[in-house]
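Below is one structure, written out as structure tokens, with a few remarks after it.
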Amino acid sequence: MINLLDSIYLWIKAVHIMAVIAWMAGLFYLPRLFVYHAERAAVGSELDHTFQVMEEKLLRVIMNPAMIVAWVAGLIMIGLGAFDWGAVWSWVKLISVILMTGAHGWMSARRKEFAAGTNTRTGRTYRLFNEVPTVLMLFIVVAVVVRPF
């Protein structure tokens with residue numbers, strides 16, 4: 001029975017890693033689309049419509065499913081004992097993942113503003129925000145791999 005659980009755990013971990021990679025790719029790319037959308041596309045133009053389609057599909061087809069799979073696989077791994085409730089690194093990872101989910105939600109709200117033609121943010125705002133997932137990713141990877149605390 002233990003070998004079966006070990007085998008299942010490794011498959012869940014592999015799925016988790018793949019989902020995180022896909023989610024992170026979207027978290028890195030969507031703000032870059034927003035930069036170009038804000039700086040180059042007039043509301044109602046053909047380019048505006050093209051960016052809207054790209055942003056919506058990135059969120060709906062890649063980012064949202066990847067985030068859900070990453071969360072589900074992560075929660076299953078926690079259920080199988082992968083979370084060390086007494087270790088700081090576990091809490092740093094969990095808090096960072098919650099913040100990453102918040103960043104995802106913020107981007108989703110911005111996409112809706114672009115779709116409604118009500119975006120008021122500049123390309124610079126999106127360039128700065130593009131660093132948020134990177135910083136959170138650094139916290140997560142260092143916490144899990146190096147476990148400095």
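So the values come out like this:
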| quantity | calculated |
| --- | --- |
| In region 103-123, the residues that are touching a helix residue (DSSP H, G or I) at 6+ places or on another chain (Cβ under 9 Å) and either more than 20 Å from Phe34 (Cα to Cα) or in a helix (DSSP H, G or I) (or both) | Ala103, His104, Trp106, Met107, Ser108, Arg110, Arg111, Phe114, Ala115, Gly123 |
| Qualifying residue in region 51-68 (condition: part of a loop (DSSP other than H, G, I, E, B) and polar (S, T, N, Q)) | no |
| Only listed residue being among the aliphatic types (A, V, I, L, M) and touching a Pro at 6+ places or on another chain (Cβ under 7 Å), chosen from Ala103, Ala82, Ala109, Ala115 | Ala103 |
| Single unsatisfied condition, Leu59 versus (1) under 30 Å from Lys13 (Cα atoms); (2) touching a residue at least 40 places away in the same chain (Cβ under 8 Å); (3) surrounded by fewer than 16 Cβ atoms within 10 Å (Cβ to Cβ); (4) among the aliphatic types (A, V, I, L, M) | (3) |
| Matching residues in region 23-47 - criterion: being closer than 18 Å to Pro133 by Cβ and surrounded by fewer than 16 Cβ atoms within 10 Å (Cβ to Cβ) | Ala25, Phe28, Arg32, Tyr36 |
| Test: residue in region 4-18 that is over 27 Å from Ile98 (Cβ atoms), in a helix (DSSP H, G or I) and polar (S, T, N, Q) | yes |
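This table checks each residue for (1) modelled with pLDDT of 95 or more; (2) within 28 Å of Asn3 (Cα to Cα); (3) of a type outside the set (Lys, Arg); (4) touching a strand residue (DSSP E or B) at 6+ places or on another chain (Cβ under 9 Å).
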| site | (1), (2), (3), (4) |
| --- | --- |
| Leu58 | yes, no, yes, no |
| Pro65 | yes, no, yes, no |
| Ile68 | yes, yes, yes, no |
| Glu113 | yes, no, yes, no |
| Leu128 | yes, no, yes, no |
| Val135 | yes, no, yes, no |
| Phe139 | yes, no, yes, no |
| Arg147 | no, yes, no, no |
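The values are calculated or read from the model by the stated rules, or taken from the named source; none is laboratory data. Here the structure is a predicted model, which is why all the values come from computation and not from measurement. All Cβ positions, even for glycine, are placed from backbone atoms using ideal geometry, and neighbour counts span all protein chains on display.
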